[in-house]
1. So how far, in whole Å, is the C-alpha centre of the range B:169-205 from the one of the range B:244-260?
2. Roughly how many whole Å is it from the C-alpha centroid of the range B:70-136 to that of the range A:37-60?
3. Would you work out the Kirkwood radius for the protein assembly as shown? I mean one over the mean of 1/r across all pairs of different Cα atoms, in Å.
4. In whole angstrom, and with the biggest value first, how far do the Cα coordinates of the range B:155-260 range along each principal axis?
5. Considering every pair of different Cα atoms, what Kirkwood radius, in Å, is found for the range A:115-260?
6. Amide H to amide H, which residues 5 or more places from A:ILE106 or on other chains are under 5 Å from it, using H placed in the peptide plane?
7. Cα gyration tensor of the range B:99-203, axes a ≥ b ≥ c as square roots of the eigenvalues: rounded (a/c below 1.5), prolate (a/b > b/c) or oblate?
8. Just in the range A:213-258: which trypsin sites (Lys or Arg not before Pro) are loop by DSSP and have at most 13 other Cβ atoms within 10 Å?
Amino acid sequence: MLKFSELSESIILAFDSIIGNKIRSLLASLGVVVGISVVIMMGWALNGLDEALNQTFSIIGNDMIYLDKWDWTGGKKWNTLKDRRDITQENVDFVTNNIKSAEYVIPNINKWGSSLDFKGINYKGISLVGVTSDNAYTPAGDLIDGRYFSQLEDKNNENVVVLGFKVYETLIGDNKTLIDEEIKINGRKFTIVGVVKKRGTFIFDMIDNQIFIPYNTYVGIYGKRTKGISIGIKAGNNNLDLVRDEAIGLMRASRNLKPYEDDDFSINETKAFQDSVETIRVSVWGAGIAMTALSFLVGMIGISNIMFVSVTERTKEIGIRKAIGAKKVTVLIQFLSEAGFLCLVGAIISLIFCSIVIYILNFVIIKFNPSITFLSPFIPLNLMFISTFISVAVGVIAGLAPAIKASRLTPIEALRYD
Amino acid sequence: MNIDNNINTNNSQSEVIIDVNNKKDKTVENIIDIQDISKLYTMGTEIIYALKSATLQINKNEYVAIMGPSGSGKSTLMNILGCLDTPTTGHYYFKDENVSIMDDNELSTIRNKEIGFVFQTFNLLSRSSALKNVELPLIYAGIKSSERQIIAKNTLKSVGLEDRMNHKPNELSGGQRQRVAIARALVNNPSIILADEPTGNLDSKTGLEIMKLFSDLWLEGNTIILVTHEEEIANYARRIIRLKDGLIESDTLNPNPVLF
């Protein structure tokens, strides 16, 4: 249909036209530059959002399930949850003794609003958590200093404590280390044996305000009849769904729930968090896409406009070419190529510009708040390809109307044009 | 139609008499055969007859001038002959093919391969060199680059412009530009050369040079159709068709063509 020589001629012409009118081409592609820049910045920010969410939700561990009276995602109203029965030691024992698919079962008992005394200074509002030594095998057991307490220490009700990162940060002062230092928890003396690494992100950092003592030590001081027991279950290499199902089954049995009754406890896991924000996430992405579509519309108008001018300028030339034998399709491709190239140039300018902006932004943001680790200093590769592709596609669409007009010019009319 | 003999010439060329009525003459190849074509335009409620009716045949190696005042329909006829336009009624057979029912793409191909246009205002691409301009029909014919260059160069050589081939049109004189246009018209070996007031934008001396070139081309076997309103130019042709008010007024052999 179209000969190769005609095709390459059209493309070369398109290229020449752009180079021949540098300023005009630049101005025309400005709209595209803005449009693509919005796409890139939006894509980068949304990627950051997703990464932030991932980081936050993974805090509790991708292979962990926490059974609790409360729903940690905040999805259910407090009213409907407050009347639930607490989780009991019997529940804990039943699950621990009967579960087959999980690697570890770790009971947690919480005492919020505890206070610390260290070197004469008092700190309030600390969350005291009693856990078994197996907690060392969960993300809550990743340490930056010292060690976790042992099974023996747990058995012997030893007064040892592992500090959360924020607590450590507050207490460390000029000391080199806090290990083996004495601390008073709610008035009782404890020895610090370990420090947990920073787990919180800037959204969820109260998790670093916890301090951990052996389960038996806790029970020894505060008794078993306390509120605030939750059960951490680590699936390890086992299938999480299997573990979840087994755990739910065992809990229901332990709490004597009839088959028709709903669960009277919550399953807190990474997946639950992800699901809870999914609607918001979709809305944010939706809004982002709407904005970029709008800015593209504006860019497209700029391209169409310039292409109409380009066609008018070259009317006589089109007439000559058609008289000599150029076909409609040849002219069409010439102008579509010109529009496409304009947008390609626009996309490249955007990519360079945004790369610089993102690098600087990332640098500044991290300086300002180092806990923001979810933003990338570079444009992700797939975003580069997508934005370039969209840009050229938009260009071709925007150039369609003028290109069709050009191809339809009759040689006689076109030759008369001055 | 008048048939005329012309044996008395001052020139060594002898004239060939062509019987325009006898289409069945086997020694003559027919190129153009138009039958009762017309062209009308509607402007609102008015109908404008650019061409009311025209019937004629043109054979290979004829040298024809189409003459007429402004409004006579000669430009319209020329556009139809050159396949730049289609007639409203009637038939146009180009080398026995019915061109009047062809679509855009087919007409483009005919213009590219069979018709060589020469315009009054040259109509060269101002941003391209002479060589590139001459290559243009070859590009649309699908000839590859290396071959194109050779053919284009040779054609420029034949019109005497080989030392100017890399110049752009604005670096050439009027006569040189028209030569480039003629080279471009010749490059695909067309069946007819259609020239619209080819000397209209040239001074008389240069105009003469161009008419000599056409004469040479005719003697080499080309078929030349000249459209003009000037008697002196028309006189170079061997057959003159006169139009008036959209009709062919006369179609005669030229008894005293200007000779070089």
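Where a number appears in this text, it was derived from the coordinates with a stated rule and is not lab data. Just so it is clear, the model here is predicted, and its values are computed rather than measured. Here Cβ is always computed from backbone atoms with ideal geometry, including for glycine, and neighbour counts include all displayed protein chains.
1. First find each Cα centre; the distance between them is then 23 Å.
2. 62
3. The Cα-based Kirkwood calculation yields 33.2 Å.
4. Largest first, the range B:155-260 extends 45, 28, 27 Å along its Cα principal axes.
5. Evaluated on the range A:115-260, it is 16.7 Å.
6. Close amide H contacts, sequence-distant or interchain: A:GLY232, A:ILE233, A:LYS234.
7. Cα axes put the range B:99-203 in the oblate bin.
8. Here the trypsin sites (Lys or Arg not before Pro) that fit, given the DSSP loop and packing criteria, are A:LYS224, A:ARG225, A:LYS227.
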